[in-house]
Amino acid sequence: MKAKLLISSLLLGTAILAIAKGDPVLMTINGKDIKLSEFEYLYHKNNQQQVEKETLEQYVDRFVLYKQKVADAEAAGIDTTEVFIKEFEGYRKDLAAPYMVEDTTYHWQMVTEAYERYKKEIDIDHFMLPLGSTPEATEESMALMDSIRNCVLAGERWETLVDQYSSDPSKTRNHGHYSYISAGMFPYSFENVVYSTPIGEVSRPFKTPYGVHMIRVNNTRDRNDAHAKHILRLFPQDPTPEQKAQCKAEIDSIYAVLLSGANFEEVAKTCSQDGSARNGGELGWFGRGRMVQPFENIAFDLPDGAISEPFETQFGYHIIKKVAHGVAPLSELRSGIENAISRDERAGMIRERRLSDLKNKYNYSLNTAFESFLDQTLGSNASKYDSAYVAQNIANSAMQLFTYGKKQSVLVSALAPVLNTKTQFVTGEDAKKYILSQVDGLAEKALTDYHSRELVESNPEYRNLINEYRDGMLLFEISNRRVWKAANKDTVGLEQYFAAHRDNYNWTEPHFKGIILSAKNDTVLNLVKADMKVMAADTLTDGLHHKYGSDIRMERMVVKKGENTLADYLGFHEGEKPERKGYTEFMILEGGVIEQPEEMADVRGAVTSDYQDVLEQRWKEELAAKYPAKINKKVLKQVK
């Protein structure tokens, strides 16, 4: 691929679909009008990215060529291929995500809420009862928990009630007292109750997927984590007293260097035997209970900026540098918070919120007749719901399922591919609820796609990005077909070009050309040499490869001195015997040092690059004749 052509395409950027009134047509290429606003956007973007500014006339020429190439790609039907459409749709959805205002706003609320909660730790007592096997049984557990709550409020001891009734396995060691917890340790629905219950109060019973719960808040405190770096000299396994003494001497020497003013991070990189050494001993932020003792206490007791004296843990001798205390900034915690959000119930909440906003924005309306249709076709008999029912009643239906946007609709038949016909139901009403529950999945897809299409009209920034990707994809593929891949595949053309320009490809220094064979040991090499005497030359490489497999390695190369250690050693007779993993012996299988290229293949890279320039020039001439640009000179003078 020619880098200069690729860079050129990126600098040209994308086209803007101008919608403002009074936006004159600057030029027409292949029957398509290009407005002044589109050209100005690209012209200014190009000037911002160029080290050496182009004149307006220079840019016009390049812009016209860019548009002609895109027109050629469209004429070739590249934009209609299944591969292009699928890839472009993927880009379109990814690019649309940041512009889904409802989604990003609510998502950010979740992130900031999690961070603010992370700053505070809450001491709680916990009570748990099992969920019932039926909704009715779960309600009985809720009622029992409510009775237990009344007992607590009446003054009965929490611990006694926990020991008697709670199903929490941890009650045997903590009697319901969890001590201090923080955000992210428990399911979001559990966390919500913890962080919304005032100190000294007992929550109402609540459910999570794990049981029926009740909590009591005892106290709160600000989180106080530590940020530290360290240097470690490791003990060997089962260290002797002498080995420990040696380790102590080493850490003391390092400590003396630090006291003399050496940079802690640079010393850690050089002397620490911990995995953090490459990052200057960086351990990041950590809370209580994360590190072994006495490491934890020393880290938390040190003043910010201080360096500890050497001390021993089970792993070896350490020196700690305290960086800060408190809470890590959101910028450092954000990635972990967002990962947690994506894996728990909040992801569903964000998705539901986004869908609700899109429904309201685009006047989504579920066809009420669909429920009547399900009542009529299913009735009260759940056994009617099977693959035959879906095929006969859903897949063939022309009824509208829902409408949205500007006269957009989805038919009932679109449900057929998403319905699971193996699911069993007790009643027809259960089957109906299941079918209705699948509607939102279709609605989400339809509304999200519609929203991203609407963004093209309503959001210039998004419109620019979309067209940049589209035109860039078209330009890359048509350039690949007409120039880059075309040159590589045109062996006849390359040979002819080389023959016509032979003098352009002379070397200034000799090259080794041939095949070098590496063998695992001298026994294998001697066997190869014996076989070379009896094997036919035209089948030698295939024969050796078939017979010896991975015991040998053959490398074909055309290299000058200094480009390959094997060629330097065997061909140019310079340097030490090279080391190759798994191979100890080497020989020239065929070839030797040559003064000048013998054939086009010897300089194929350089010939291909020059031949690409030839194809590029031919293509430009073809484009100019096929897609002439009509430029309005008066409008061009309006370019700011």
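The values are calculated or read from the model by the stated rules, or taken from the named source; none is laboratory data. Keep in mind that what you see is a predicted model, and the values were worked out from it rather than measured. Ideal geometry is used to build each Cβ from the backbone, glycine not excepted, and the neighbour counts take in all protein chains shown.
Is one or more of the residues making up the stretch 148-161 in contact with a Pro (Cβ under 7 Å, 6 or more places away or on another chain) and modelled with pLDDT of 95 or more?
The answer is yes; a qualifying residue exists.
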Worksheet, complete the sentence: Residues in the stretch 65-87 that are buried (at least 19 other Cβ atoms within 10 Å of the Cβ) and either of a type in the set (Val, Ile, Thr) or farther than 19 Å from Trp619 by Cα (or both) total 2
Practice prompt. Of the numbered conditions (1) loosely packed, with under 13 Cβ neighbours inside 10 Å; (2) of a type in the set (A, V, I, L, M, F, W, C); (3) within 24 Å of Arg346 (Cβ to Cβ), Ala245 fails exactly one; give the number of that condition.
Written response: (3)
Item to complete: Restrict the check to the stretch 551-572 and report whether at least one residue is in the same structural domain as Phe586 (by TED's automatic domain parsing), touching a residue at least 60 places away in the same chain (Cβ under 8 Å) and under 17 Å from Glu509 (Cβ atoms).
Response: yes
Discussion item. Step by step: first the residues of the stretch 460-479, then only those that are modelled with pLDDT of 90 or more and farther than 18 Å from Phe63 by Cβ, then the one that is nearest to the chain's Cα centre (by Cα). Which residue is that?
Written reply: Met473
Worksheet item: Quick check: anything in the stretch 137-151 part of a loop (DSSP other than H, G, I, E, B) and of a type outside the set (Gly, Ala, Ser)?
Response: no
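Can you report the number of residues in the stretch 1-59 which are modelled with pLDDT of 50 or more and in a loop (DSSP other than H, G, I, E, B)? If you could, list the steps in order and put the result at the bottom.
Of the stretch 1-59, the ones modelled with pLDDT of 50 or more are 22-59.
Filter once more, so that each one left must be in a loop (DSSP other than H, G, I, E, B): 22-24, 30-31, 50-55.
Qualifying residue count, the stretch 1-59: 11.
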Worksheet item: When you scan the stretch 286-306, how many residues do you find that are buried (at least 17 other Cβ atoms within 10 Å of the Cβ) and more than 38 Å from the chain's Cα centre (by Cα)?
Response: 2
Fill in: Among the residues listed as Ala328, Ala347, the single one being within 30 Å of Thr105 (Cβ to Cβ), of a type in the set (A, V, I, L, M) and not in a helix (DSSP H, G or I)
Ala328
Item to complete: Hey, could you check the stretch 416-433 for residues that are within 37 Å of the chain's Cα centre (by Cα) and surrounded by 15 or more Cβ atoms within 10 Å (Cβ to Cβ) and say which is farthest from Lys406 (Cα to Cα)?
Response: Leu419
Worksheet entry | Failed item in (1) part of a loop (DSSP other than H, G, I, E, B); (2) under 35 Å from the mean Cα position of the chain (by Cα); (3) loosely packed, with under 13 Cβ neighbours inside 10 Å, with Ala398 passing the rest | (2)
Worksheet item: Could we say that Lys229 is modelled with pLDDT of 95 or more and either out of contact with any Ser or Thr (no Cβ under 7 Å at 6 or more places or on another chain) or surrounded by 12 or more Cβ atoms within 10 Å (Cβ to Cβ) (or both) here?
Response: yes
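Just to be sure before I move on: is Ile341 crowded, with 19+ Cβ neighbours inside 10 Å, in contact (Cβ under 8 Å) with a residue 12 or more places away in the chain and in a helix (DSSP H, G or I) in the structure I sent? Show your work before the answer.
Working: crowded, with 19+ Cβ neighbours inside 10 Å: yes; in contact (Cβ under 8 Å) with a residue 12 or more places away in the chain: yes; in a helix (DSSP H, G or I): yes.
Judged against the criteria, Ile341 is a match.
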Worksheet item: Taking into account only those residues within the stretch 616-634 that are buried (at least 17 other Cβ atoms within 10 Å of the Cβ) and part of a helix (DSSP H, G or I), which is nearest to the chain's Cα centre (by Cα)?
Response: Glu616
Item to complete: Report, by residue number, each residue of the stretch 89-129 that is assigned to a helix (DSSP H, G or I), touching a residue at least 12 places away in the same chain (Cβ under 8 Å), surrounded by fewer than 18 Cβ atoms within 10 Å (Cβ to Cβ) and out of contact with any helix residue (DSSP H, G or I) (no Cβ under 6 Å at 6 or more places or on another chain).
Response: Lys93, Thr112
Response to the item:
Within the stretch 226-285, the residues that are among the small types (Gly, Ala, Ser), more than 11 Å from Lys321 (Cα to Cα) and assigned to a helix (DSSP H, G or I) are Ala245, Ala249, Ser253, Ala256, Gly275, Ser276, Ala277
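Restricting to the stretch 371-387, count the residues that are assigned to a helix (DSSP H, G or I) and either free of Cβ contacts under 8 Å to residues at least 60 places away in the same chain or not assigned by TED's automatic domain parsing to the domain that holds Ala416 (or both).
Number satisfying all stated conditions: 10.
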Practice prompt. Kindly indicate whether Gly592 is small (Gly, Ala, Ser) and either in contact (Cβ under 8 Å) with a residue 60 or more places away in the chain or not assigned by TED's automatic domain parsing to the domain that holds Val524 (or both).
Written response: yes
Worksheet item: Out of (1) of a type in the set (D, E, K, R); (2) closer than 23 Å to Ile320 by Cα; (3) not in a helix (DSSP H, G or I), the odd one out for Arg204 is which?
Response: (2)
Worksheet item: Which residues, counting only those in the stretch 240-276, are under 15 Å from Tyr317 (Cβ atoms), free of Cβ contacts under 8 Å to residues at least 40 places away in the same chain and hydrophobic (A, V, I, L, M, F, W, C)?
Response: Ala245, Ala249, Ala256, Val257, Val267, Ala268
Fill in: Every pair of residues 6+ apart whose Cβ atoms lie under 8 Å, when the first sits in the stretch 441-459 and is surrounded by fewer than 16 Cβ atoms within 10 Å (Cβ to Cβ) and modelled with pLDDT of 90 or more while the second is part of a helix (DSSP H, G or I) and not hydrophobic (A, V, I, L, M, F, W, C)
none
Worksheet item: What about Ala154, is it of a type in the set (Gly, Ala, Ser), outside the structural domain of Gly316 (by TED's automatic domain parsing) and free of Cβ contacts under 8 Å to residues at least 40 places away in the same chain?
Response: yes
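Being free of Cβ contacts under 8 Å to residues at least 24 places away in the same chain, over 19 Å from Lys119 (Cβ atoms) and more than 35 Å from the chain's Cα centre (by Cα), is that true of even one residue in the stretch 214-224?
Applying the first criterion (free of Cβ contacts under 8 Å to residues at least 24 places away in the same chain) to the stretch 214-224 yields none.
Checking the stretch 214-224: not a single residue is free of Cβ contacts under 8 Å to residues at least 24 places away in the same chain, over 19 Å from Lys119 (Cβ atoms) and more than 35 Å from the chain's Cα centre (by Cα).
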Worksheet item: Here are Ser479, Ser550: which of them is surrounded by fewer than 17 Cβ atoms within 10 Å (Cβ to Cβ) and not in a strand (DSSP E or B)?
Response: Ser550
